1. When Lys and Arg each count +1 and Asp and Glu each count -1, what net charge do the other residues less than 13 Å away from Ala168, Cβ to Cβ, add up to?
2. Label Glu252 and Ala150 with points 7 Å out from Cα along Cα→Cβ: what is the distance between them in nm?
3. Using per-residue counts of other Cβ atoms within 10 Å, averaged over each peptide, order 188-194, 241-247, 76-82 from highest down.
4. Val169's amide H: which non-local residues (gap 5+, or another chain) put their own amide H closer than 5 Å, with H modeled 1.01 Å from N in plane and none for Pro or chain starts?
5. Residue by residue through the stretch 233-238, what is 3J(HN,Hα) from phi via Karplus (6.51 cos²θ - 1.76 cosθ + 1.60, θ = phi - 60°)? Round to whole Hz and write x for glycine and proline.
6. Using a 1.4 Å probe over the heavy atoms of the protein chains, calculate the carbon and sulfur portion of the accessible area of the stretch 114-259 as a whole percent.
7. Test of the criteria: in the stretch 114-198, which GluC sites (Glu not before Pro) are in a DSSP loop and have at most 15 other Cβ atoms within 10 angstrom of their Cβ?
8. Find out how many positive minus negative residues lie around Pro259, taking Lys and Arg as positive, Asp and Glu as negative, among other residues whose Cβ is under 14 Å from that of Pro259.
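The values are calculated or read from the model by the stated rules, or taken from the named source; none is laboratory data. These numbers come from a predicted model, not from an experiment. Neighbour counts are summed over all protein chains in view; Cβ atoms, including those assigned to glycine, are modelled from backbone coordinates with ideal geometry. Each accessible area value is taken on the protein alone, full model and side chains, heavy atoms only, with ligands, DNA and RNA left out. Shrake-Rupley method; radii C 1.70, N 1.55, O 1.52, S 1.80 Å.
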Amino acid sequence: MVQGAVRAAEALNYDLVVMMLGESTAPDLSVMTRMSVGALLIQPGLDGRGLRGELSAHTVSVDGPGERQLMVDNYGGALKALRHLSELGHTRIGLISGLNSEPLLSEPGQPEVQARDDATERLKAYRDFMRASALGIPEGCVQHGDYSKASGEAATHRLLALNAPPTAVFVAGDAMALGAVHAAQDRGLTVPRDLSVVGFGDLPVAAALRPGLSTMRQPLELMGEAAVGLLVALAEGRTPEWPRPFATQLIERESTTRP
C-alpha cells in the first residue's frame with residue numbers, strides 16, 4: 001500500500017512522510033501535523049478517536065477509524081472464501097474471526113450492533129453464508145483471535161479439540177492463518193488433507209508458506225494511490241468522489257482441497 005501511495009504522491013508533486021506508530025508509545029504527531037496538508041492512516045483495528053485532535057483536518061483512513069474511510073469489500077471477500085471451501089465439498093467449516101466482532105454474536109431475536117469493522121463484516125458473511133446454505137453454524141466452530149499468529153494457533157487448537165472438528169477453516173487474517181497451519185501441524189495433521197485453511201489479505205508470507213496459503217488478495221497498492229488522490233483533492237479544496245469498497249480476489253494455493 002505504501003508503494004502505491006508514494007507513486008501517487010510523486011505524480012501529484014507531493015512528498016509522502018511515513019511514520020510508524022508503536023502500540024507501547026504515545027505518538028507525537030505535532031510536527032507532522034504542522035508540516036503536512038493531510039494524513040493517511042493505515043492501521044486496521046486502531047482506535048483513532050484519541051488521535052483525531054492531533055491529526056490534520058484532512059484525514060483518510062484505510063480500513064480503520066474515521067469518517068473518511070477507504071474499505072475493501074470485507075463482506076464480499078469473505079463470501080468468496082466460504083464459497084471456495086463449500087464448492088470443494090466442505091460442510092463443516094470453522095471461522096477464526098478478528099477483533100471487535102463480538103457484537104454480532106447476539107442471541108436470536110436480540111438487536112445487533114452493526115459496527116463498521118472489517119472483522120465484523122467477515123463474521124457477518126460467515127454467519128449469513130452458513131445459514132443461507134443450510135449448513136448451519138456448528139457449535140464451537142466460531143473462534144476469535146487478534147490478528148496475531150499466536151492467536152490463530154490458540155483458536156485452531158480450540159477448533160481441533162472439538163468432538164467434531166471442522167474440516168476447513170476460514171481465517172479473517174493471514175497472520176492468524178499461518179498460526180492455524182502451524183497448530184494443525186503441531187497436532188500431527190496435514191494441511192490441506194486433514195484441514196483446509198483459507199486466509200484474508202495475501203500478505204507476503206502467504207506465498208512463502210508451505211503449503212502455500214489460499215487467501216483473499218486486497219488491492220493495497222490501488223488503495224494507497226486512491227487514498228493519496230483523495231487527500232490531495234481535500235487539501236486543495238475540491239470535493240472528491242468517494243470510491244466504493246474495493247473488490248478482493250481469491251488466490252488459490254495449496255492449503256485448500258476437497259475433504
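1. Net local charge, Ala168 excluded: +2.
2. 3.7
3. Ranked from most to least packed, the peptides come out as 76-82, 188-194, 241-247.
4. Gly94, Ser196, Val197, Val198
5. Result, rounded to whole Hz: 4, 5, 5, 8, x, 8.
6. Its accessible area is 51 percent carbon and sulfur atoms.
7. Hits after loop and neighbour filter: Glu139.
8. Once positives and negatives cancel, what remains is +1.
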